[in-house]
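Here is the structure we will look at.
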Amino acid sequence: MPVIVIANPKGGVGKSTIATNLAGYFAKQGHKVMLGDADVQQSSRAWLALRPGSLPAIAAWEIENGHVARPPRGTTHIVLDTPAGLGGARLEEVLRIADKVIVPLQASMFDILATQAFLEGLKSRHGNRHIGVLGMRVNARTRAADQLAHYVSNLGLPVLGYLRETQNYVQLAAHGATLWDVAQSRVEKDIEQWGPLVNWARQ
Ligand SMILES: Nc1ncnc2c1ncn2[C@@H]1O[C@H](COP(=O)(O)OP(=O)(O)OP(=O)(O)O)[C@@H](O)[C@H]1O
Ligand SMILES: [Mg+2]
């Protein structure tokens, strides 16, 4: 039962967007997925409450007072959203159960600098194998994307892909939906961009 944690102490980089869409992917594949939310804002939890019953089910993994407990039996996949500013003992607790950590990162020097210590800490804790960086709101064919790739490869970590800036994520989230819940033609480009990420996540 893989536990995939989405983390970056920097706020607003797309953690909840990735957590909800990744959970939506597993649900669409017919897996018994749970989405946990270690965030006091409970963004993913609030999103789940919006999700129509007609869409592939995603169960809520309750996290009490920020403490992660064992998920229920029968669960096959777990995606865990985390808050900005997560560090110290709470971060340790989350990482202890993580099989994989996805770190969304925007392609700006400020974001990179804000995330550097976190990535280095993760690396020494987990080893490279379990950590992947996802370029967020970035066009893969730009200098900014090259800079991000250069920085991430210098740390010895993989770039799992790049997600473009699009209102699709904003609009889908407002309805408790993901890329996998709507007509493919509407989100074709985005589904394509998720290819390498979901391959890495499900291995
Ligand atoms: N690729 C994208 N294109 C356009 N908008 C995006 C994209 N990714 C995320 N957003 C939007 O950016 C905002 C922040 O994203 P999100 O809430 O996923 O970040 P977060 O890291 O979870 O934030 P926080 O640190 O506050 O928990 C949201 O309104 C989201 O819809
Ligand atoms: Mg969030």
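Remarks
- Under 14 Å, Cβ to Cβ, from Val198 - net charge with Lys/Arg +1 and Asp/Glu -1: +1
- By DSSP, the beta bridges lying fully in the chain are antiparallel in about 5 percent of cases.
- Net charge, Gly127 excluded, C-beta distance under 14 Å - Lys, Arg +1, Asp, Glu -1: +2
- Taken along the Cα-to-beta-carbon direction at a fixed 7 Å, the label points for Ala145 and Val170 span 2.1 nm.
- Lysine pair count for the chain with Cα-Cα distance under 25 Å and sequence separation of 8 or more or different chains is 11.
- Label separation (Glu62 vs Ala89): 2.3 nm, computed from points 7 Å beyond Cα along the C-beta direction.
- Take each peptide in 75-83, 111-119, count the other Cβ atoms within 10 Å of every residue, and average; sorted highest first, the result is 75-83, 111-119.
- Kirkwood hydrodynamic radius of the stretch 3-202, from inverse mean 1/r over distinct Cα pairs, in Å: 16.8
- Other-chain or far-sequence residues with amide H under 5 Å of Leu160's (modelled H): Val133, Leu134, Gly135
- As a calculated quantity, the FRET efficiency between Leu113 and Lys189 at R0 = 35 Å, using C-beta atoms, amounts to about 0.75.
- Stretch gain in nm, segment Ser54-Asn199, where the contour uses 0.36 nm per residue and the Cα spacing is subtracted: 49.6 nm
- Inter-part distance where the stretch 3-29 and the stretch 160-203 are each reduced to a Cα centre, Å: 11
Only the coordinates and a few stated rules stand behind these numbers; no lab work does. Nothing here was measured: the structure is a model prediction, and the numbers come from that model. Here Cβ is always computed from backbone atoms with ideal geometry, including for glycine, and neighbour counts include all displayed protein chains.
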